[in-house]
Each structure stands twice: as structure tokens, then as C-alpha cells.
Amino acid sequence: MSVATRSAVPVRKFSNNPLIAFYQSSIGKKLIVAVTALILVLYVLGHLLGNLQIYIGQDRINTYAKFLHDLGPILWVIRSFLLAAFITHIVATIQLAQENRLARPQKYAVAHFQRSTIASRTMLVSGLIVLCFVIYHILQFTLQVTDPKYHELYDSSGRHDVYRMLILGFSHPLVSLFYVVGLFLLTAHLSHGFASVVQTLGINNRKLTNFVSIGGQTLAWLVFAGYVSIPFAILLGIVR
Ligand code: HEM
């Protein structure tokens, strides 16, 4: 039974190029998923700090938005780097999930199916919904195609009025609800991701495991609270 099971697992060939061979190995892909996740988490944190300036006021957040746009070519380098990290993260994750499915020995089918695929399926589905959220978000606030009025918003200094654009955007309860759902899934994804990184890196130290896992989850939910506070503050008229 176990011999038949083992012979069913396909034999993998590795490239002669060490970089490609590293990517082809399971641990290489896992490390790439972890490193790209870290880059994206840092962006999510930085973006949150930028957005929280809405509470300081219109002038502050508009100055910040103008500063980012004035970066010009540097902004494009950062955008390309982030996009590459985002795509690599998604592709490597999907490939890992496929490899795990192929390599899973039949004799553990029942016991392992329930534990590992529910977790990985949730990660895949929540990750794909987060992808839809980010695409809608960029269409809304960066490309400003969801509402033609966004293009006509300027403050008294002639800068694009990001402050009023956010108020206009989140004044629609359905848009705000969509954000809360998207942010919830992003947080669930991040929260589970921290626990996965501990496993991926094979950390055996209990204190360190707890620190990364509990600390990461706490951070993920703080990020959630910070982001969702914005649509809520707008809907409740605290920011207007
Ligand atoms: C309430 C939550 C959020 C608010 C208020 C917000 C606000 C904004 C604004 C105003 C912009 C346009 C910046 C500009 O071009 O001037 C933007 C762009 C962007 N946001 Fe968010 N954001 C939120 C959540 C998120 C989340 C959770 C993510 C990531 C998962 C994210 C990723 C992005 C990306 C990738 C861009 C495009 C950046 C660029 O143009 O270079 N945002 N966001």
C-alpha cells in the first residue's frame, strides 16, 4: 500500500541554474512566499500610517499625497517593486498549494485533508478576494474611474483633494461595507500568514513561536482597526 502510494508521487526535476533550482524547491518557494509577504505587510503598515493622517486634517493628508506623487520616477520604481512582490507572492502560493496536493501521501488522505487543506484553501480564497479588493481600490482612488467627480476635487492650494475624495468615497454605505469585508479578509489572511511563517521557517523555540504568532495576529487586528476606523469615522460624521 505504502509502496504503491510512494510510486504515485511524481519525480521532480530541478534546473541546473541555482536560482531556478532554489525556486523549484519547496523550501525555496516557501521562503519566497514569506519574504514577499513581509514586503507587502510593510507596505500595508506604511499605507495605514499615511492614511491615518486624515485625522490630522485636510492639509496634512493632501500634502502627504502630493509628496508621494512628486516622487515621480521613484514612485514608479516602488510601484513596480510592489507589483512584482504581489505577483510573485500569488504565483508561488498557488504553485505551493498545487505541489502540496500532488505530494500528499494517500495513506494520510483523511487525517490531513481536513487540517491542511481547509487552512490552505482559506488562504487561497481570502487571498483572491483581497486581490479583487485591491483591484477595485486602485480603480477607485488611484485611477479614479469609479466616480468622475474625484478628478475635479482640488483644495485651496490647488492640490488634488484626497481628503474630500475619501469622504465622498466612503459616504456610500455599500462601498464602506465592501471595504470592511475586504479588510476583514485581508486581516484573516495576514493573521493566518503569521502562523504559517512560523511553520515554514521551522522555528522550534516555543517563546519565539508564540511571539511571532501572537504578536503577528495582534498586529494584523490592530491594522484592521486602523483601516476600518476611516470609513466608520466618515460615515459617523467624525471626519467631514
Ligand atoms: C480604509 C482603507 C484605505 C484607504 C482609506 C486607502 C486610501 C488610499 C488612497 C487615497 C490611495 C490613492 C493615493 C493617491 O494616488 O494619491 C490609495 C492607493 C493604494 N492603496 Fe489604499 N487605502 C486603504 C486600504 C488599502 C489596503 C488595505 C491596501 C492593500 C492591501 C491598499 C493598497 C493600495 C495600493 C496598492 C494603492 C496604489 C498606490 C499607488 O498609486 O502607487 N490600500 N489608497
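The values are calculated or read from the model by the stated rules, or taken from the named source; none is laboratory data. Everything numeric in this text was worked out from a predicted model, so none of it was measured. Here Cβ is always computed from backbone atoms with ideal geometry, including for glycine, and neighbour counts include all displayed protein chains. For accessibility, only protein heavy atoms count, side chains too; no ligands or nucleic acids. Shrake-Rupley method; radii C 1.70, N 1.55, O 1.52, S 1.80 Å.
What to note about this one:
- For peptides 13-26, 130-143, sequence by mean Cβ density within 10 Å, most packed first: 130-143, 13-26
- Net charge over other residues, Cβ less than 15 angstrom from the Cβ of TYR64 (K, R count +1; D, E count -1): 0
- Result for the chain in a Gaussian network model with C-alpha springs under 10 Å: among PHE211, PHE184, PHE224, the largest mean-square fluctuation is at PHE211.
- Summing Lys and Arg as +1 and Asp and Glu as -1 over all other residues whose Cβ lies under 14 Å from the Cβ of VAL198 gives a net charge of +3.
- Taking the C-alpha atoms only, the angle from helix 73-103 to the longest principal axis of the chain is near 30 degrees.
- Compared with the dominant Cα axis of the chain, that is its longest principal axis, helix 173-200 is turned about 40°.
- The phi torsions of the range 219-234, fed into the Karplus equation with coefficients 6.51, -1.76 and 1.60 and a -60° offset, translate into couplings of 4, 4, 6, 5, 4, 4, 4, x, 5, 5, 4, 5, x, 5, 4, 6 Hz, rounded to whole numbers, with Gly and Pro shown as x.
- Relative packing of 228-234, 76-82, 41-47, which averages over residues the other C-beta atoms within 10 Å, highest first: 228-234, 41-47, 76-82
- Apportionment of accessible area to carbon and sulfur, the range 5-103, percent (1.4 Å): 72
- Across q = 0.17, 0.21, 0.26 Å⁻¹, the range 167-212 modelled as identical point scatterers on its alpha-carbon atoms has Debye log10 I(q)/I(0) values of -0.59, -0.70, -0.87, in the order of the q list.
- The chain - accessible surface per residue (Å², probe 1.4 Å): 63
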